Amino acid sequence: MPENIDLLLTNGTVVTMDANWSIIPNGAVAVHGNNIVAVGPAADLAERYVANETHDCTGHAIMPGLINGHAHVPMSLLRGMVADQQLDVWLFGYMFPVESQFVDANFAYVGTLLSCAEMLRGGTTTFVDMYYFEEEVARAADVAGMRAICGQTVMRLPTPDAPSFDEGLERARRFIEAWRDHPRIVPTVAPHAPYTCTDRIYQEAAALCRRFGVPLVTHLSETAREVEESIREREVTPIRYAKRVGAFDVPCIAAHCVHATEDDIRLLREARAGAVPCPTSNLKLASGIAPYRRFIDAGVRTGLGTDGPASNDDQDMFTEIQLAALLPKGVSGDPTVVPARQALALATCWGAQAIHLDQLIGSLEVGKRADITVVSLGRLHSAPRYTYSPDAIYSHLVYSARAADVRDVYVDGRMLMREQHLLSLDEAAILQQAQSIAEGINTFLMQRESDVLAKIIALGGVQPDEIFEIQVKARLGATNTAKLQALLEHPEVSISKHSVRTQYDTYFLFSSQERLRIREDHRTDPGARPEPKYTITLVAEAVRGEYPLAIVLSRSRYTAPADHTVRFYREYFQPTRQIEIEKRRKRWRILYKEHDFAINLDTLASGSNDAGPFLELKSRTWSSRDAATRANLLGELLAIAGISEDELVKQEYVELAGGCSPQRTNNGK
């Protein structure tokens, strides 16, 4: 007597992705509850079962739902925001600043709904996420009916949902406790990457994962620069560092791994860690091409991901599968590497291993969850079909099929898309909400891109400096020692500090007359700090006030730590001109008549036709009245030093070096 079941998918080509790579040309899949109860020839299952619903899949492939092994799904709201940038410029110059302004619970929820709708339309049934407000990601994934591993991001930097990593870890703990019993959502913690985390973050994240039995999600070895910096700073690659801090002591999902070494590959295999390259994103950000063939040959658990839509622009796993098959062929010159069957496995059965869910999903087998995708095989771009070889279906799905060919999608036996109509989500409402959020971001970026100050503030750590700068320079000849000594030994001059340094200045000039200076400052006097100090200073257009001997510059000035390379700042700020100056400087901090001044003896080692030496007297203040007083006092100091007016230089070093015009005077000349 036939057995009652909930669902029968019949008359399709069943691509099981099981251990035997079984293909059933005219097959069927029987589902009861959330499990697969039978897979076999359509005629056999028709005799064995009576289904509440029977869906005819003639001309279609019945295959496991695709697995997106690494994503930042709320970032669908940042799709197309910025492109064609280095990873650090893209990340620190745009993503982090925009996220700090706009990412909140609603952003995470709406962005996830948008991503879930896109993924379901493309046959993806499971995704692994790493983002903020992950409880909202989980909530949206639940509404959509999808399966997800949701990783609450933690890093040493403040994040949109946690001002410190301690609070980030605590937030992750609460999230895991709240969602740990959900049948489709696996809540976990995601230390962002070695370059944004600390040993303690990884160790405590691993402890959380061990306590709750969930996998740890992280980024590792995405770029060559990341690996080089890790070796320079820690003496190990990011993957070996992850091993050292305990990330591999628990099940780990390591995104990217593009620049894994042979030693790294061995570590990944031994730790049974999942390596999840993201082909499109890795290409778009010029991160490189992951060693897919080496991963597979070495037995590394390997999957595929889309990464975030801001660095990929879509969440189409069919594209990732195709690239995973094509890229290894192109770089090796061997058309047999990563054949179609293996490429499809990376997003199904092998992908399930990489995210540590292979006991539940990844193949169409009895006892596994009914996460199923039905794909049309008869579109113009995929016709005609050849069936002389059972393996031909893999080539058809990998090289010809598209996300738009997906007809039906099921997760846990529940139909989420039928005849390309989403059943669990309101597509029109999601699109409307997404565009509303995008309009706010668009306005913010339009205003920021035309404002250098706004761009530097977006990087964080900016402090306003004194608005009035009073300075005078004199070109010294062979008698410079005597004049300097006369000044320093005067009874009304009190020296508070002395330093010796070499300064490497890179100036970015803009059509707005603003100047951005990136300074690398090396102290060489006894007892000085051993490490150079890096600062970035924005100096707005100045208005000169001329005094008998001194110059008063009235202007806005903002200073921040320079945490990135000159190349990063050049690509981020896009100046119209760049000038470099190397300067040897001896500095004395003095008090004269209760006012503080700096006395600098400078020699320009490069970047100028006039090397000096120069004697520079300088002071800064917030007060215009105080600026006038100090300008007059500078005249007195010049007289003490015996410096005549014809020795004065009324230009700044960048003007001397670059031949640029001095800032405008207060009478417009």
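Here the simple spin-label model places points 7 Å from the Cα toward Cβ, and for Ala639 and Arg244 these points are separated by 6.3 nm.
Between the stretch 411-450 and the stretch 90-132, the alpha-carbon centres lie 10 Å apart. For a paramagnetic label modelled on Thr387 (point 7 Å from Cα along Cα→Cβ), amide N atoms under 15 Å away belong, within the stretch 10-24, to 10-15, 23-24. In terms of its C-alpha gyration tensor, the stretch 91-208 comes out oblate, because a/c is 1.5 or above while a/b does not outweigh b/c. Across the stretch 647-655, coupling constants 3J(HN,Hα) worked out from phi with the 6.51/-1.76/1.60 Karplus curve, θ = phi - 60°, read 8, 6, 10, 9, 9, 8, 4, 5, 6 Hz, and Gly and Pro carry x. Say a paramagnetic label sat at a point 7 Å from the Cα of Gln359, along Cα to Cβ; which residues of the stretch 177-217 have their backbone N under 12 Å from it? Once the point is set 7 Å along Cα→Cβ of Gln359, 213-214 turn out to lie under 12 Å by backbone N, inside the stretch 177-217. In this structure, the pairs whose alpha-carbon distance is over 25 Å, taken from Lys473/Lys593; Lys243/Lys368; Lys533/Lys593, are Lys243/Lys368; Lys533/Lys593. Between Glu594 and Val331, residue separation times 0.36 nm minus the direct Cα-Cα distance comes to 87.7 nm. Built from the Cα atoms of the chain, the convex hull projects on average onto 34.9 nm², one quarter of its surface area. Relative to the current alpha-carbon distance between Asp314 and Gln420, full extension at 0.36 nm per residue lengthens the span by 36.4 nm. Sort out for me the Cα centre separation of the stretch 164-201 from the stretch 475-504, rounded to whole Å. Value for the Cα centre distance between the two parts: 56 Å. Taking every DSSP helix (H) stretch of at least 4 residues in the chain, weighting each as -39,500 (n - 2.57) and dividing the sum by the residue count yields a mean residue ellipticity at 222 nm of -9500 deg cm²/dmol.
Exposure proxy ranking for Val331, Val154, Val214, based on other Cβ atoms within 10 angstrom of each Cβ and starting from the fewest, stands as Val331, Val214, Val154. Taking the number of Cβ atoms within 10 Å of each Cβ as an exposure proxy, the fewest-first ranking of Glu134, Glu594, Glu118, Glu167 is Glu594, Glu167, Glu118, Glu134. Modelled label positions at Ala19 and Glu170, each set 7 Å beyond Cα in the direction of Cβ, lie 4.7 nm from each other. The modelled label-to-label distance for the pair Met446/Leu283, using points 7 Å beyond Cα in the direction of Cβ, is 3.3 nm. Per-residue Cβ neighbour counts within 10 Å put Ile437, Ile495, Ile36 in the sequence Ile495, Ile437, Ile36, beginning with the fewest.
Quick note: the coordinates plus some simple rules give every number you see, no bench work behind them. The shown structure was predicted, so the numbers you read here are calculated from the model rather than taken from an experiment. Neighbour counts are summed over all protein chains in view; Cβ atoms, including those assigned to glycine, are modelled from backbone coordinates with ideal geometry.
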